[in-house]
Amino acid sequence: AAAAAVADFTPPALVPWLARMSRTPTPPQREATGEAAEWSEGVSLRVMEDAVLDQGGVGGLAECFAWLSALEGAARIGYEVRRQTSTYARFLPAAYGRVAIDSPPPEPVVLSRFAHLRRDNNTLILDSPIARGKLQILHSHAALVIASLSAPATCDKLIARTGVDDEPWVRDLLVLLLATGMAHVVGSDGLTDEDRSPASSHWEFADLLLHARSKTSRVDEPVGGTYRFPGVEQPTLVKPPMCDDQRRIALRVPNIGQLIHQDVPLARAMETRRSIRHQGDEPIDVGQLGEFLYRVARMRDEGTPYSSGARWRLYPGGGACHPLEIYALASRCSGLDPGLYHYDPAAHALEPVDDPLDGVAHLLQQNSVPMEGSEPTQILLVITSRFRRMSWKYEGNAYALTLQEVGVLYQSMYLVATAMGLAPCAVGGGDAARFAEIIGADPLEEATVGAFTLGSRHPDA
């Protein structure tokens, strides 16, 4: 919420303010701060303290201080960098605990390597996955100062580098950046504590950002099933057909009842499971591929205590949204022409993928590179995600849940392939944008999130 800070605080330009209210204020506090709308939008602590003192006396002020201390620890107090009538930046707390405000150090200061600028509605935001909150940049001079901190600088050097005047607000901005973890002091060795720490130096920016955003350790942004798109329908559970019925290839349905009694015990499959890159000379056949997909990824109807006749995949997924799709790139498979096929989990069938760009031919050529031995990979299973299936319900952790589901699917693939005596191997990497182009999808709607090779098992593997 925007703050209504109307008075300076000590230090002159750094104004603490109530960022959000955790509970309804008591009557003396409510009388002191006026209308509920003004209270909910935030108020300068100096203004509030003066008003409480006038209305409730010293006792009311003591109660107010105790209450504010609890609020600060609960990430409800932010700070503004102000000078006279200009507000340069506003800090929004996001992590529990107090912000220790101190004087600016004589040593050079530099931005955290995890700090990043982004747009939020019409406001520029400085954010970081490990900072105590985020900073709203409300003045072009503040943006210039922050951009100049990409290289180490002392306060005086920073003022000279940017050409901004009015030194107090620049110092206060540096103090706030340091106190909140947006910036760090540079030592004589040219490194910050963040650089020296093995824990932080091993994290890459994108990985840490995803980790922090998908957890509930921050209080400024919701995480979980928020259903944040009211009135928007969730994309269908089953992807619309990619070919007509005449071209669809029905796959054999194995006898699951028989497999239950004859299959490899789970303990044996778990103990003998491993990645096998050496495939057999005789390729897998379409019957084996069909049985594998049926046992791993088909959709089944079943009654549950919550919903009669619900449709589920065989593997678990966040909120049963199941955004994952499987495409089989067949280089060598007996009974199946080389090409790219989409697996329909509801009909248990393969759908040939039309490709006007000759992308499938390029994929087949790439897939002809042997993993081990002299023969090419037989089947490459490309796993994509229809992202809106998950983000329709979940906020903050939608992509993290998608990757967790990929891991669950990988394990299911490994165990089933091991039980069937096939050669499985999960594959990292992949050109998500190129594959989306091949299947005719917007990469923001559907793109690659995993891949898995499958083939017959070589006797020596």
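The values are calculated or read from the model by the stated rules, or taken from the named source; none is laboratory data. Only a predicted model underlies this, so the values are computations on that prediction, with no experimental measurement involved. Counting neighbours? That spans all protein chains shown, and the Cβs are built from the backbone with ideal geometry, glycine included. With ligands, DNA and RNA removed, areas are computed over all heavy atoms of the protein, side chains included. Shrake-Rupley method; radii C 1.70, N 1.55, O 1.52, S 1.80 Å.
What the table below lists for this structure:
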item	result
Relative frequency of Cα-Cα separations exceeding 26 Å in the range 159-304, percent	66 percent
Burial ranking of peptide ranges 105-117, 185-197, 270-282 (average Cβ count within 10 Å, highest at the top)	105-117, 270-282, 185-197
Cα shape, the range 397-437, gyration tensor, a/c 1.5 rule	oblate
Overall form of the range 58-181 per C-alpha gyration tensor (a/c, 1.5; a/b vs b/c)	prolate
Accessible solvent surface per residue of the range 253-368, calculated while the other protein chains remain in place, 1.4 angstrom probe, Å²	49 Å²
The range 105-160: C-alpha gyration tensor shape, a/c 1.5 cut-off, then a/b vs b/c	oblate
Amide proton proximity set for residue 77, modelled H, under 5 Å, gap of 5+	19
The range 225-293: Cα Rg divided by the 2.2 N^0.38 Å rule of thumb	1.76
